[in-house]
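Asks: Can you read through this structure? Questions will come right after.
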Amino acid sequence: ESNFNEGDVLTDEWATSAFGYGQAIKSNISGVEDFARLALDQTEQIVGYNNEFVREKGVTYTDPSFFEMFDFKLLEGDKSSMLVNPTSVVISQKVASKIFKGESALGKVLSFGTKSNVQKYEVTGVIEDLPKNSHVQFDYFISINSLPDWKKNFWYIHETYTYVLLNKNITPQSIEKAFPNVAEQYKTEDALKSKTWGVSLVPLKNIHCC
């Protein structure tokens, strides 16, 4: 989670973080083994297949590491490689059944449309439908490598969930303590520049829906 302070006063606190936090933490703070993000800024898109289109609200962009860090059950695909290619997407079992009606989804191509453009992605994996009490509630996981480099490393769009995998000898508190100094080299724009940028690491078992 993101937090901002002016002196000793907490002025802003968000469950989300910026696109660039994960890589910066891994690169600058020891004890972080990996990270993964779920983008929240383009969750509603028009999804098409064989000239049939539907508006979907469960679209996210994520890192190839996401399905290796988490144990969501994979029905089709290879966890180690299925989101490496920028033009790849992993879908839920529910979506696979709805769109492909019993056929294998692997290798099929879906189109995704936003207000600004339309992109095509190959289905490289299918996962079991996510538990209803999970705070992760998406049906389409597009490779984050499809996004431009500037956005993947940008510090002024706080529209992602960021997960970090820590070495067992490192405490979350040590990461939180180190982060404000790391942030100083990245908060280069005028917005929020006068504030101290911080993070709070929430144990995954404490995050759930309903």
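Asks: Within region 154-210, which residues are assigned to a loop (DSSP other than H, G, I, E, B), open to solvent by 40 Å² or more (accessible area, probe 1.4 Å), touching a Gly at 6+ places or on another chain (Cβ under 8 Å) and closer than 18 Å to GLY22 by Cβ?
Replies: PHE154, ASN167, ILE170, TYR186 - these are the residues of region 154-210 that are assigned to a loop (DSSP other than H, G, I, E, B), open to solvent by 40 Å² or more (accessible area, probe 1.4 Å), touching a Gly at 6+ places or on another chain (Cβ under 8 Å) and closer than 18 Å to GLY22 by Cβ.
Asks: Please determine whether any residue of region 59-68 is open to solvent by 50 Å² or more (accessible area, probe 1.4 Å), more than 24 Å from GLU1 (Cβ to Cβ) and not aliphatic (A, V, I, L, M). Give the derivation first.
Replies: Just the residues of region 59-68 that are open to solvent by 50 Å² or more (accessible area, probe 1.4 Å), to begin with: 68.
Remaining after also requiring more than 24 Å from GLU1 (Cβ to Cβ): none.
Taking every residue of region 59-68 in turn, none turns out to be open to solvent by 50 Å² or more (accessible area, probe 1.4 Å), more than 24 Å from GLU1 (Cβ to Cβ) and not aliphatic (A, V, I, L, M).
Asks: Quick one: PHE66 ticks every box in (1) in contact with a strand residue (DSSP E or B) (Cβ under 9 Å, 6 or more places away or on another chain); (2) without any contact (Cβ under 8 Å) to a residue 12 or more places away in the chain bar one, so which box is it?
Replies: Evaluating PHE66 over (1) in contact with a strand residue (DSSP E or B) (Cβ under 9 Å, 6 or more places away or on another chain); (2) without any contact (Cβ under 8 Å) to a residue 12 or more places away in the chain leaves (2) as the failure.
Asks: Looking at region 90-106, can you tell me whether even one residue there is in a loop (DSSP other than H, G, I, E, B), out of contact with any Leu (no Cβ under 8 Å at 6 or more places or on another chain), modelled with pLDDT of 95 or more and under 30 Å from GLN185 (Cα atoms)?
Replies: Within region 90-106, none of the residues are in a loop (DSSP other than H, G, I, E, B), out of contact with any Leu (no Cβ under 8 Å at 6 or more places or on another chain), modelled with pLDDT of 95 or more and under 30 Å from GLN185 (Cα atoms).
Asks: State which residue is farthest from VAL90 (Cα to Cα) when the search covers only region 44-58 and only residues that are polar (S, T, N, Q) and open to solvent by 40 Å² or more (accessible area, probe 1.4 Å).
Replies: First, pick out the residues of region 44-58 that are polar (S, T, N, Q): 45, 50-51.
With the extra rule that they be open to solvent by 40 Å² or more (accessible area, probe 1.4 Å), the set shrinks to 50-51.
Details: ASN50: 18, ASN51: 20 Å.
Selected residue: ASN51.
The values are calculated or read from the model by the stated rules, or taken from the named source; none is laboratory data. Note that this is a predicted model, so its numbers are computed, not measured. Cβ sites come from the backbone with ideal geometry, for glycine too, and all protein chains shown count toward neighbours. The protein model used for the area step is the full one, side chains on, heavy atoms only, and it has no ligands, DNA or RNA in it. Shrake-Rupley method; radii C 1.70, N 1.55, O 1.52, S 1.80 Å.
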